[in-house]
Amino acid sequence: MGEKITYETIFARSFSRYDQKKLGYGAFLGCLLIALSFCIVFKPYLGPLLVLNMRMSMDVGLNMLRIMDSFSSEKLRGGDISSSMTTIVTETSSSEIEMVEESNTTGTNETISNGTTVINNKNSSQQKEMKTVCHVEESTEFCEMNGDIRVDGKSSTVFMAVDTMVANSSWVIGPYARRGDEEAFKRITKWSIKSGVDAYEEAPQCDQRHNVPAIIFSTGGYAGNNFHDYTDIVLPLYLTSRQFDGEVKFLITDKNPWWIEKFRNILQKLSSYELVDIDKEVNVHCFTSVIVGLKRCPKELKIDPSKSPYSMKEFRQFLRSAYSLKKENAINMKDNGGKKRPRLLIVSRKSTRAFTNTNAISGMATRLGYEVVVTEVDSHVARVAEMVNSCDVMMGVHGAGLTNMVFLPENAILIQVIPIGGFEWLAKTDFREPSKDMNLRYIGYKIKTEESSLIQQYPPDHEVLNDPYAVQKRGWYEFKSIYLQKQNVNLDVDRFRATLLRALELLHQ
């Protein structure tokens, strides 16, 4: 019976086992080379890839990165791209994360200040660019949108209306720069940001088209408290809108007419257009660029120079311009030759944390050589700004009224009287640290227990007088109800005299 000849038999007779192994390895390597060549040639058609490049610092941890159903999608028509859109949401600390979406088209890269990199793809003929970038930072969150943007105030929704096959994405944002404060956000309207196929189909038709960018922000939250007015709204609005040099429209949610009137000079200086109460608008407003929310530094009354082209010096110059303030520098007693007295402003308060012996303080300061002005600051910002700017020294008990230090001239002196109750951290965060960037000289005066009105309300051995940190541990509201709302100050004039003398010394330098 003849042997059945097969391919395996011929192969075995023709080559030794060693030769067979060599041929097998060669065939395997050849297949790899063919596959690699195939990938190189057809890489542009393989669709978008998501690449995460992480550069993490050793000493600071990363919070998180959130990417919401976001990718770049293009329509290929004979090799040309009609449009592309990217939606990226990041949350980072000082660590950096870059998210790059590789596209099958040629594009240009834009690196956002917080470390996010976005691919901007542009049609060579239309030069059409569309993207939504949402930033989640320690104290704020805001979204920057470019494209066909439609703002519907009735539903508190911003649509990215793009006729392209883009994945649906949505984001909810409270446009108020105090992220994480649940109490403040009880008075903030939440806005939805939508993009993708569903957003395009759902987006309402435009009633009004605008040829300038828009900024959506809230005047809810803690608006009405002078400190929060500046650190949560005015300063963040300056940081967000100054780049447009007035060519921007403000869409205000949770609009408070009294707040608008209070800061009318600032609003008119930042925007050349009529304000829009977006919550009451029945029309759909359309823009090519919209920012939802405001930029801000995590620290109170500060600007981070590493993330902003502006500084506190420039912000204070802006305020002087908005209110036509004349005095740029505090008095220099050395150059003055004693011809003119330095002006001392004593910020009085009617209710809590008030000076109970203002006349005695004023008399002592006058004898030292000051021209003394006593006033209670109110909501008439123009009048307050002019008064504060005319003074060389401002003093007051810790409170929102001291925020008006933003109007003091350069090299002026801020004296913060610190009540009992463990206020040191608040005093430092709210006024001491910010005063440095404002080019002000700072003096803190911590009162003794005998100078607090609380000694009349509690026995000498009570924890309110002896262990305020135990009270703090029971929560902010109990701390506030006692040390902020029940306490007045009766300054020991003889003891405080040294503080005013120190201020005079600084004015001679």
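The values are calculated or read from the model by the stated rules, or taken from the named source; none is laboratory data. Only a predicted model underlies this, so the values are computations on that prediction, with no experimental measurement involved. Every residue, glycine as well, gets a Cβ built from its backbone with ideal geometry; the counts of neighbours run over all protein chains shown. For the accessible areas, the whole protein counts, side chains as well, though only heavy atoms, and no ligand, DNA or RNA atoms are used. Shrake-Rupley method; radii C 1.70, N 1.55, O 1.52, S 1.80 Å.
Values computed for the structure shown
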read-out	value
Top-ranked residue of region 458-479 - restricted to ones that are touching a residue at least 12 places away in the same chain (Cβ under 8 Å) and within 30 Å of ARG497 (Cα to Cα), ranked as surrounded by the fewest Cβ atoms within 10 Å (Cβ to Cβ)	TYR469
Among the residues listed as ARG353, ARG367, ARG341, the single one being outside the structural domain of ARG264 (by the TED database), touching a His at 6+ places or on another chain (Cβ under 8 Å) and more than 28 Å from ARG264 (Cβ to Cβ)	ARG353
Qualifying residue in region 453-469 (condition: of a type in the set (D, E, K, R) and touching a Phe, Trp or Tyr at 6+ places or on another chain (Cβ under 6 Å))	no
Filter pass, PRO175 being closer than 21 Å to THR288 by Cα, touching a strand residue (DSSP E or B) at 6+ places or on another chain (Cβ under 6 Å) and open to solvent by 10 Å² or more (accessible area, probe 1.4 Å)	no
Test result for ASP378, surrounded by fewer than 22 Cβ atoms within 10 Å (Cβ to Cβ), of a type in the set (Asp, Glu) and on the phi < 0 side of the Ramachandran plot	yes
Single match in VAL381, VAL347 (criterion: closer than 30 Å to ASN466 by Cα and among the β-branched types (Val, Ile, Thr))	VAL347
Flag for GLY153 being at pLDDT below 95 and open to solvent by less than 20 Å² (accessible area, probe 1.4 Å)	no
Any hit, region 281-304, residues being aromatic (Phe, Trp, Tyr), surrounded by fewer than 16 Cβ atoms within 10 Å (Cβ to Cβ) and either closer than 23 Å to PHE227 by Cα or modelled with pLDDT of 95 or more (or both)	no
Qualifying positions in region 183-212 - touching a Lys or Arg at 6+ places or on another chain (Cβ under 7 Å) and buried (at least 21 other Cβ atoms within 10 Å of the Cβ)	ALA203
Complete set of residues in region 359-399 that are charged (D, E, K, R) and touching a strand residue (DSSP E or B) at 6+ places or on another chain (Cβ under 8 Å)	GLU371, GLU376, ASP392
Options ILE455, ILE482: the member that is assigned by the TED database to the domain that holds PHE431 and either open to solvent by less than 30 Å² (accessible area, probe 1.4 Å) or polar (S, T, N, Q) (or both)	ILE482
ASN359 being modelled with pLDDT of 95 or more, among the polar types (S, T, N, Q), open to solvent by 20 Å² or more (accessible area, probe 1.4 Å) and touching a Cys at 6+ places or on another chain (Cβ under 9 Å)	no
Residue ID - surrounded by the fewest Cβ atoms within 10 Å (Cβ to Cβ), chosen from residues in region 213-237 that are of a type outside the set (A, V, I, L, M, F, W, C) and under 12 Å from LYS255 (Cβ atoms)	GLY220
Selection from region 238-256 of residues that are touching a residue at least 60 places away in the same chain (Cβ under 8 Å), open to solvent by less than 10 Å² (accessible area, probe 1.4 Å) and not hydrophobic (A, V, I, L, M, F, W, C)	TYR238, THR240, THR253
Answer from THR403, THR366 - the residue that is surrounded by fewer than 18 Cβ atoms within 10 Å (Cβ to Cβ) and part of a helix (DSSP H, G or I)	THR366
Elements of type helices (runs of 4 or more DSSP H) contained in region 257-356, each with 2 or more residues being within 30 Å of TYR370 (Cα to Cα) and in contact (Cβ under 8 Å) with a residue 60 or more places away in the chain	312-322, 333-336
Region 442-452 - residue that is surrounded by fewer than 15 Cβ atoms within 10 Å (Cβ to Cβ) and over 36 Å from the mean Cα position of the chain (by Cα) and, of those, nearest to LEU506 (Cα to Cα)	LYS448
